[in-house]
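Following: one structure in C-alpha coordinates, then a few remarks.
The values are calculated or read from the model by the stated rules, or taken from the named source; none is laboratory data. Please read these numbers as outputs of a predicted model, since none were measured by experiment. Counting neighbours? That spans all protein chains shown, and the Cβs are built from the backbone with ideal geometry, glycine included.
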Amino acid sequence: MARYTGPSCRLCRRENMELFLKGERCFTDKCAIKRRNYAPGQHGQARVKVSPYGIQLREKQKVRRIYGILEKQFRGYFQKADRMKGVTGENLLFLLESRLDNILYRLGFASSRTQSRMFVRQGHFTVNGRRVDIPSYQVKVGDVVALREKSRSIVAILESLEAVVRRGIPQWLELDKDTFSGKVKSLIVRDDITTPIQEQLIVELYSK
(Lines give C-alpha, C1' and ligand atoms only; values in the text may rest on other atoms or scores of the structure.)
Protein backbone atom coordinates (compact mmCIF):
# COMPACT_ATOMS: atom_id res chain seq x y z
CA MET A 1 0.00 0.00 0.00
CA ALA A 2 1.32 3.43 -0.97
CA ARG A 3 2.04 5.83 1.85
CA TYR A 4 4.04 8.95 2.61
CA THR A 5 7.48 8.10 4.00
CA GLY A 6 9.10 11.54 4.13
CA PRO A 7 9.69 13.76 7.19
CA SER A 8 6.42 14.46 9.03
CA CYS A 9 7.50 17.81 10.46
CA ARG A 10 8.00 19.13 6.94
CA LEU A 11 4.27 18.70 6.32
CA CYS A 12 3.35 20.77 9.37
CA ARG A 13 5.65 23.56 8.26
CA ARG A 14 4.23 23.47 4.74
CA GLU A 15 0.67 23.86 6.03
CA ASN A 16 1.76 26.47 8.60
CA MET A 17 0.05 24.72 11.50
CA GLU A 18 0.56 21.83 13.89
CA LEU A 19 -0.93 18.68 12.38
CA PHE A 20 0.15 16.54 15.37
CA LEU A 21 1.73 13.87 13.18
CA LYS A 22 4.44 12.81 15.64
CA GLY A 23 2.48 12.27 18.83
CA GLU A 24 3.92 13.58 22.08
CA ARG A 25 6.82 15.31 20.32
CA CYS A 26 4.32 17.84 18.95
CA PHE A 27 3.60 19.05 22.49
CA THR A 28 7.25 19.77 23.29
CA ASP A 29 9.73 22.47 22.32
CA LYS A 30 11.19 20.04 19.76
CA CYS A 31 8.18 20.61 17.51
CA ALA A 32 9.58 21.84 14.18
CA ILE A 33 6.91 24.48 13.56
CA LYS A 34 7.68 26.08 16.92
CA ARG A 35 11.35 26.33 16.02
CA ARG A 36 11.00 27.20 12.32
CA ASN A 37 7.56 28.63 11.69
CA TYR A 38 7.88 29.00 7.93
CA ALA A 39 7.54 26.75 4.89
CA PRO A 40 10.37 24.30 4.12
CA GLY A 41 12.76 24.78 1.24
CA GLN A 42 15.09 27.47 -0.06
CA HIS A 43 12.29 30.01 -0.53
CA GLY A 44 10.28 29.07 2.53
CA GLN A 45 10.55 32.51 4.14
CA ALA A 46 9.64 34.43 1.00
CA ARG A 47 6.29 36.19 0.80
CA VAL A 48 4.11 34.50 -1.78
CA LYS A 49 0.74 35.73 -3.03
CA VAL A 50 -1.64 32.79 -3.03
CA SER A 51 -4.46 32.54 -5.57
CA PRO A 52 -8.01 31.38 -4.67
CA TYR A 53 -7.18 28.02 -6.26
CA GLY A 54 -4.01 27.83 -4.17
CA ILE A 55 -5.99 28.44 -0.98
CA GLN A 56 -8.41 25.64 -1.88
CA LEU A 57 -5.56 23.29 -2.75
CA ARG A 58 -3.73 23.96 0.51
CA GLU A 59 -6.89 23.25 2.51
CA LYS A 60 -7.36 19.93 0.75
CA GLN A 61 -3.70 18.99 1.25
CA LYS A 62 -3.93 19.95 4.92
CA VAL A 63 -6.91 17.67 5.57
CA ARG A 64 -5.31 14.81 3.63
CA ARG A 65 -2.19 15.09 5.76
CA ILE A 66 -4.07 15.36 9.04
CA TYR A 67 -5.81 12.04 8.40
CA GLY A 68 -2.86 10.45 6.55
CA ILE A 69 -4.68 9.72 3.29
CA LEU A 70 -3.31 9.82 -0.25
CA GLU A 71 -5.05 11.59 -3.12
CA LYS A 72 -6.87 8.68 -4.78
CA GLN A 73 -8.45 7.50 -1.53
CA PHE A 74 -9.30 11.04 -0.46
CA ARG A 75 -11.10 11.69 -3.74
CA GLY A 76 -13.03 8.47 -3.19
CA TYR A 77 -14.17 9.75 0.20
CA PHE A 78 -15.30 13.00 -1.42
CA GLN A 79 -17.30 11.20 -4.09
CA LYS A 80 -18.99 9.07 -1.43
CA ALA A 81 -19.74 12.16 0.66
CA ASP A 82 -21.22 13.87 -2.40
CA ARG A 83 -23.68 10.98 -2.89
CA MET A 84 -24.82 11.08 0.74
CA LYS A 85 -27.70 13.19 2.02
CA GLY A 86 -26.74 16.40 3.76
CA VAL A 87 -23.87 18.84 3.37
CA THR A 88 -21.06 17.34 1.28
CA GLY A 89 -18.21 18.97 3.20
CA GLU A 90 -19.54 17.85 6.57
CA ASN A 91 -20.21 14.35 5.24
CA LEU A 92 -16.58 14.18 4.13
CA LEU A 93 -15.32 15.04 7.62
CA PHE A 94 -17.71 12.54 9.22
CA LEU A 95 -16.38 9.76 6.97
CA LEU A 96 -12.79 10.63 7.85
CA GLU A 97 -13.55 10.81 11.57
CA SER A 98 -15.28 7.41 11.45
CA ARG A 99 -12.16 5.59 10.25
CA LEU A 100 -10.94 3.00 12.75
CA ASP A 101 -7.43 4.47 12.92
CA ASN A 102 -8.88 7.89 13.74
CA ILE A 103 -11.28 6.47 16.35
CA LEU A 104 -8.38 4.78 18.17
CA TYR A 105 -6.35 7.99 18.04
CA ARG A 106 -9.27 10.01 19.41
CA LEU A 107 -9.77 7.49 22.22
CA GLY A 108 -6.10 7.74 23.18
CA PHE A 109 -4.89 4.25 22.23
CA ALA A 110 -2.22 5.84 20.02
CA SER A 111 -0.29 9.10 20.19
CA SER A 112 -0.74 9.76 16.46
CA ARG A 113 -2.83 8.49 13.57
CA THR A 114 0.32 7.01 12.02
CA GLN A 115 0.93 4.95 15.14
CA SER A 116 -2.75 4.02 15.25
CA ARG A 117 -2.61 2.65 11.68
CA MET A 118 0.40 0.55 12.61
CA PHE A 119 -1.40 -0.96 15.61
CA VAL A 120 -4.47 -1.76 13.51
CA ARG A 121 -2.45 -3.45 10.76
CA GLN A 122 -0.69 -5.54 13.38
CA GLY A 123 -4.08 -6.82 14.56
CA HIS A 124 -4.07 -5.45 18.11
CA PHE A 125 -7.70 -4.27 18.07
CA THR A 126 -11.18 -5.71 17.66
CA VAL A 127 -14.51 -4.18 16.65
CA ASN A 128 -17.52 -5.78 18.33
CA GLY A 129 -15.32 -8.73 19.29
CA ARG A 130 -13.92 -9.40 15.81
CA ARG A 131 -10.30 -8.61 14.93
CA VAL A 132 -10.01 -5.88 12.32
CA ASP A 133 -6.72 -5.03 10.59
CA ILE A 134 -8.01 -2.43 8.11
CA PRO A 135 -7.26 1.17 9.23
CA SER A 136 -9.97 2.62 6.95
CA TYR A 137 -12.70 0.40 8.45
CA GLN A 138 -15.78 2.55 9.05
CA VAL A 139 -16.89 2.42 12.69
CA LYS A 140 -20.61 3.00 13.30
CA VAL A 141 -22.68 4.27 16.23
CA GLY A 142 -22.89 1.59 18.92
CA ASP A 143 -19.71 -0.21 17.81
CA VAL A 144 -17.24 -1.14 20.52
CA VAL A 145 -13.52 -1.14 19.77
CA ALA A 146 -11.22 -2.93 22.19
CA LEU A 147 -7.57 -3.78 22.69
CA ARG A 148 -6.96 -7.52 22.50
CA GLU A 149 -6.06 -9.28 25.73
CA LYS A 150 -2.58 -10.29 24.58
CA SER A 151 -1.79 -6.71 23.50
CA ARG A 152 -2.53 -4.98 26.80
CA SER A 153 1.09 -4.91 27.87
CA ILE A 154 2.33 -2.84 24.92
CA VAL A 155 4.15 0.10 26.49
CA ALA A 156 3.38 2.59 23.71
CA ILE A 157 -0.36 2.03 24.08
CA LEU A 158 -0.26 2.29 27.87
CA GLU A 159 1.74 5.52 27.71
CA SER A 160 -0.65 6.98 25.16
CA LEU A 161 -3.66 6.18 27.34
CA GLU A 162 -2.02 7.98 30.23
CA ALA A 163 -1.45 11.07 28.08
CA VAL A 164 -4.94 11.22 26.56
CA VAL A 165 -6.01 13.79 29.18
CA ARG A 166 -3.94 16.39 27.32
CA ARG A 167 -5.89 15.92 24.09
CA GLY A 168 -9.28 15.14 25.55
CA ILE A 169 -11.84 12.68 24.23
CA PRO A 170 -14.68 13.87 21.95
CA GLN A 171 -18.19 13.81 23.38
CA TRP A 172 -19.36 11.29 20.79
CA LEU A 173 -16.87 8.72 22.09
CA GLU A 174 -16.61 6.90 25.41
CA LEU A 175 -13.45 5.33 26.82
CA ASP A 176 -13.35 2.58 29.44
CA LYS A 177 -9.74 2.30 30.62
CA ASP A 178 -10.51 -0.68 32.86
CA THR A 179 -11.55 -2.86 29.93
CA PHE A 180 -9.26 -1.18 27.35
CA SER A 181 -12.26 -0.45 25.17
CA GLY A 182 -14.14 2.45 23.66
CA LYS A 183 -17.57 3.00 22.20
CA VAL A 184 -19.09 5.30 19.60
CA LYS A 185 -21.94 6.82 21.60
CA SER A 186 -23.61 9.02 19.00
CA LEU A 187 -23.47 10.43 15.51
CA ILE A 188 -20.79 13.05 14.87
CA VAL A 189 -21.93 16.66 14.50
CA ARG A 190 -19.86 19.41 12.93
CA ASP A 191 -19.22 21.14 16.27
CA ASP A 192 -17.51 17.98 17.55
CA ILE A 193 -14.64 18.48 15.08
CA THR A 194 -12.50 21.22 16.60
CA THR A 195 -9.61 20.95 14.13
CA PRO A 196 -9.46 24.20 12.08
CA ILE A 197 -10.79 22.93 8.76
CA GLN A 198 -12.70 24.85 6.09
CA GLU A 199 -14.32 21.95 4.28
CA GLN A 200 -16.23 24.23 1.90
CA LEU A 201 -12.93 25.11 0.20
CA ILE A 202 -12.41 21.40 -0.58
CA VAL A 203 -15.92 21.15 -2.04
CA GLU A 204 -15.24 24.15 -4.23
CA LEU A 205 -11.94 22.66 -5.40
CA TYR A 206 -13.41 19.31 -6.43
CA SER A 207 -16.52 20.91 -7.94
CA LYS A 208 -14.58 22.76 -10.65
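Summary of values
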{"read-out": "All positions within the range 156-196 that are under 16 Å from residue 123 (Cα atoms) and β-branched (Val, Ile, Thr)", "value": "157"}
{"read-out": "Residue selected from the range 161-208 under the condition in contact (Cβ under 8 Å) with a residue 12 or more places away in the chain and among the hydroxyl-bearing types (Ser, Thr, Tyr), by the criterion nearest to residue 83 (Cα to Cα)", "value": "206"}
{"read-out": "Pick from the range 160-196, criterion assigned to a strand (DSSP E or B) and not basic (Lys, Arg), ranking: surrounded by the most Cβ atoms within 10 Å (Cβ to Cβ)", "value": "182"}
{"read-out": "Test result for residue 157, in contact with a strand residue (DSSP E or B) (Cβ under 7 Å, 6 or more places away or on another chain), assigned to a helix (DSSP H, G or I) and farther than 26 Å from residue 79 by Cα", "value": "yes"}
{"read-out": "Residue in the range 139-153 that is surrounded by 12 or more Cβ atoms within 10 Å (Cβ to Cβ) and under 20 Å from residue 68 (Cα atoms) present", "value": "yes"}
{"read-out": "Within the range 107-138, tally of residues that are without any contact (Cβ under 8 Å) to a residue 40 or more places away in the chain, buried (at least 21 other Cβ atoms within 10 Å of the Cβ) and among the basic types (Lys, Arg)", "value": "0"}
{"read-out": "Residue tally, condition surrounded by 14 or more Cβ atoms within 10 Å (Cβ to Cβ) and assigned to a loop (DSSP other than H, G, I, E, B), over the range 197-208", "value": "2"}
{"read-out": "Wholly within the range 65-143, helices (runs of 4 or more DSSP H) carrying at least 2 residues that are closer than 16 Å to residue 173 by Cβ", "value": "88-97, 100-107, 113-121"}
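So that you can scan it fast, the table gives a plain yes or no per residue for (1) without any contact (Cβ under 8 Å) to a residue 40 or more places away in the chain; (2) not β-branched (Val, Ile, Thr):
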{"position": "55", "(1), (2)": "no, no"}
{"position": "68", "(1), (2)": "no, yes"}
{"position": "71", "(1), (2)": "yes, yes"}
{"position": "86", "(1), (2)": "yes, yes"}
{"position": "89", "(1), (2)": "no, yes"}
{"position": "98", "(1), (2)": "no, yes"}
{"position": "105", "(1), (2)": "yes, yes"}
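A quick yes/no check of all residues on (1) in the same structural domain as residue 114 (by TED's automatic domain parsing); (2) at positive phi; (3) at pLDDT 95 or above; (4) of a type in the set (A, V, I, L, M):
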position	(1), (2), (3), (4)
153	yes, no, no, no
160	yes, no, no, no
163	yes, no, no, yes
181	yes, no, yes, no
202	no, no, yes, yes
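Residues are listed down the side, and each one gets a yes or a no for (1) of a type outside the set (D, E, K, R); (2) in contact with a strand residue (DSSP E or B) (Cβ under 9 Å, 6 or more places away or on another chain):
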site	(1), (2)
153	yes, no
169	yes, yes
181	yes, yes
194	yes, no
203	yes, no
208	no, no
